[in-house]
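Peer 1: Here it is, the structure, as structure tokens.
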Amino acid sequence: METEVIQTEQPPVPEKKVTTFEYYRPKFWKRIFLIIFDALICAALAFGFFNGLRTIINNNSPLKEDIKELDSLRLESGIFVNEVEVGRLTDVVTYYNINTTLSPAAVKQNLKKDIDQFHNFLRVKVDEKTYQEALKGYDEFRLNPKFKYNNLPYYIVNEDGEVVQNAEAKVPAKNIVEDVLKPYIDTNCQGLFVSKVPGVLELQKSLSNMLLFVEIPVSITLAIIVCYLIIPLIFFRGKQTLGRLLFHTGLVNKNVMMVSWKLYLARFLIFFFLEIVVSVFTAGVPLFISLTMMAFSKKRQTFHDYMLGIEEVDVENSKIFKNKEEVFEGSKSKYDVKKFKMIQE
């Protein structure tokens with residue numbers, strides 16, 4: 001008896017559909033321009049924070065009294081001008097360098113009055129010996145042999161032993177202003193004001209310390225945090241700064257997926273403390289090394305990206321996914337396999 005063999009068709013094994021997502025690194029010029037753009041934004045933010053912080057600090061009672069006292073001494077000295085329209089004091093040399101509406105002769109007369117007022121101010125504020133030394137220094141400064149016009153000295157000593165302008169030389173007012181009066185105020189008067197007038201040096205040190213160790217560092221730090229941390233966390237998918245947003249680049253992790261906020265925070269801390277802060281004390285060496293790595297390393301990674309396996313990609317024609325599950329959302333086939341790869345430059 002024959003056995004009947006019945007053949008049945010086996011259902012075809014479905015083939016896995018492979019979808020490949022390709023990512024390209026941005027062109028080097030793009031990365032350079034976005035770095036410059038971000039740096040300019042950061043500088044603008046720092047300037048804004050600085051002005052706001054200075055207003056707050058200057059309205060602080062103890063510091064406000066120090067500023068008021070120093071400004072009072074400056075105005076009394078005669079070598080500073082109160083520019084009411086801009087709300088600040090300016091030294092007279094800077095003021096007359098900017099104010100070009102006055103003739104050289106008028107500037108000459110004003111500066112001579114300012115110097116006389118400064119000497120009278122010294123007479124009240126310092127001891128007689130220091131005052132006499134200042135007058136002697138003024139005479140010696142004007143009689144310097146290098147000040148000559150038509151081979152004649154700018155100044156001479158008259159019969160009464162006073163230093164006066166040499167009428168025979170006919171020195172133009174502009175030469176007197178630029179060669180003698182302005183340099184004397186910038187060097188001698190300013191130096192005597194700070195070093196000899198009681199309280200000035202201490203007040204300036206206090207204000208300088210506030211500027212160098214509080215106002216500038218805090219302003220720059222706040223600007224860096226906003227520009228390189230807060231804004232990228234707002235544009236969370238690609239962790240984009242405004243520069244990356246403008247030039248269509250983003251950051252991905254070693255699996256070519258979105259960088260988590262924890263990983264990005266670690267990246268920022270490395271960037272801030274190991275590159276920015278250390279660069280302040282090492283003439284920018286860490287930043288130079290980081291930029292060099294970006295230009296010449298195999299994966300074109302900066303130091304902070306190399307440490308964490310982060311890469312920068314061009315997202316003008318691609319999308320950064322949060323995770324692989326996001327890729328499968330809406331997919332009808334359970335056999336879809338997504339493959340991610342980075343295209344080398």
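The values are calculated or read from the model by the stated rules, or taken from the named source; none is laboratory data. Quantities reported herein were computed from a predicted structural model and do not represent experimental measurements. Note: ideal-geometry Cβ built from the backbone for every residue, glycine included; neighbour counts use all protein chains shown. With ligands, DNA and RNA removed, areas are computed over all heavy atoms of the protein, side chains included. Shrake-Rupley method; radii C 1.70, N 1.55, O 1.52, S 1.80 Å.
Peer 1: Select, from T249, T241, the only residue that is touching a Cys at 6+ places or on another chain (Cβ under 7 Å), of a type in the set (S, T, N, Q) and within 20 Å of Y24 (Cα to Cα). Talk me through it step by step, then tell me what you get.
Peer 2: Details: T249 fails: touching a Cys at 6+ places or on another chain (Cβ under 7 Å).
One residue alone meets the criteria, T241.
Peer 1: Could you tell me how many of the residues in segment 171-191 are in contact with a Phe, Trp or Tyr (Cβ under 7 Å, 6 or more places away or on another chain) and open to solvent by 40 Å² or more (accessible area, probe 1.4 Å)?
Peer 2: 3
To keep it simple, each residue is scored yes or no on (1) open to solvent by less than 50 Å² (accessible area, probe 1.4 Å); (2) more than 30 Å from S318 (Cβ to Cβ); (3) among the basic types (K, R); (4) assigned to a helix (DSSP H, G or I).
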{"position": "F193", "(1), (2), (3), (4)": "yes, yes, no, yes"}
{"position": "K205", "(1), (2), (3), (4)": "no, yes, yes, yes"}
{"position": "V226", "(1), (2), (3), (4)": "yes, no, no, yes"}
{"position": "L233", "(1), (2), (3), (4)": "no, no, no, yes"}
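Peer 1: Going by the structure shown, is L34 surrounded by 15 or more Cβ atoms within 10 Å (Cβ to Cβ), over 27 Å from the mean Cα position of the chain (by Cα) and among the aliphatic types (A, V, I, L, M)?
Peer 2: Values: surrounded by 15 or more Cβ atoms within 10 Å (Cβ to Cβ): yes; over 27 Å from the mean Cα position of the chain (by Cα): no; among the aliphatic types (A, V, I, L, M): yes.
No, not satisfied.
Peer 1: Residues in segment 297-318: is at least one within 27 Å of the chain's Cα centre (by Cα), within 24 Å of I220 (Cβ to Cβ), exposed (fewer than 14 other Cβ atoms within 10 Å of the Cβ) and free of Cβ contacts under 8 Å to residues at least 40 places away in the same chain?
Peer 2: Among the residues of segment 297-318, not one is within 27 Å of the chain's Cα centre (by Cα), within 24 Å of I220 (Cβ to Cβ), exposed (fewer than 14 other Cβ atoms within 10 Å of the Cβ) and free of Cβ contacts under 8 Å to residues at least 40 places away in the same chain, which makes the answer no.
Peer 1: With respect to V81, determine if the residue is surrounded by 12 or more Cβ atoms within 10 Å (Cβ to Cβ) and touching a residue at least 60 places away in the same chain (Cβ under 8 Å).
Peer 2: No: the conditions fail for V81.
Peer 1: Which condition does Q240 not pass, out of (1) free of Cβ contacts under 8 Å to residues at least 60 places away in the same chain; (2) within 22 Å of the chain's Cα centre (by Cα); (3) assigned to a helix (DSSP H, G or I), if it passes all the others?
Peer 2: Looking at each condition in turn, Q240 falls short on (3).
Peer 1: Let me ask something else. Could you check, for segment 155-163, whether at least one of its residues is of a type outside the set (V, I, T), in contact with a strand residue (DSSP E or B) (Cβ under 6 Å, 6 or more places away or on another chain) and exposed (fewer than 12 other Cβ atoms within 10 Å of the Cβ)?
Peer 2: Yes.
Peer 1: Also, I was wondering about something else. Determine whether segment 135-142 contains at least one residue that is open to solvent by less than 60 Å² (accessible area, probe 1.4 Å), among the hydrophobic types (A, V, I, L, M, F, W, C), out of contact with any Cys (no Cβ under 9 Å at 6 or more places or on another chain) and within 19 Å of E178 (Cβ to Cβ).
Peer 2: In the first step, residues of segment 135-142 are kept if they are open to solvent by less than 60 Å² (accessible area, probe 1.4 Å); the result is 135, 137-139, 141-142.
Now drop any that are not among the hydrophobic types (A, V, I, L, M, F, W, C), which leaves 135, 141.
Adding the requirement that they be out of contact with any Cys (no Cβ under 9 Å at 6 or more places or on another chain) leaves 135, 141.
Going one step further and asking which of them are within 19 Å of E178 (Cβ to Cβ), we end up with 141.
The answer is yes, given that some residue of segment 135-142 is open to solvent by less than 60 Å² (accessible area, probe 1.4 Å), among the hydrophobic types (A, V, I, L, M, F, W, C), out of contact with any Cys (no Cβ under 9 Å at 6 or more places or on another chain) and within 19 Å of E178 (Cβ to Cβ).
Peer 1: Let me ask something else about it. Identify the residue in segment 243-294 that is polar (S, T, N, Q) and in a helix (DSSP H, G or I) and, among all such residues, is surrounded by the most Cβ atoms within 10 Å (Cβ to Cβ). I'd like the intermediate steps shown before the answer.
Peer 2: Let us first name the residues in segment 243-294 that are polar (S, T, N, Q), namely 249, 253, 255, 260, 279, 282, 290, 292.
So of that shortlist, the ones also in a helix (DSSP H, G or I) come out as 279, 290, 292.
Numbers: S279: 16, S290: 21, T292: 12.
Step by step, filter segment 243-294, then rank; the result is S290.
Peer 1: Next question, about the same structure. I'd like the full set of residues that are open to solvent by 50 Å² or more (accessible area, probe 1.4 Å) and touching a residue at least 40 places away in the same chain (Cβ under 8 Å), limited to segment 56-70.
Peer 2: Scanning segment 56-70 gives a single hit, E69.
Peer 1: Can you run down the residue pairs with Cβ atoms below 8 Å, 6 or more apart or on separate chains, where the first is in segment 202-225 and under 17 Å from N60 (Cβ atoms) and the partner is in a helix (DSSP H, G or I) and open to solvent by 50 Å² or more (accessible area, probe 1.4 Å)?
Peer 2: Filtered contacts from segment 202-225: L203/E69; E215/R54; V218/F49; S219/F47; S219/F49.
Peer 1: So which residues in segment 104-126 are in contact with a Lys or Arg (Cβ under 9 Å, 6 or more places away or on another chain), of a type outside the set (A, V, I, L, M, F, W, C) and either part of a loop (DSSP other than H, G, I, E, B) or within 19 Å of D179 (Cα to Cα) (or both)?
Peer 2: Across segment 104-126, the qualifying residues are P104, K108.
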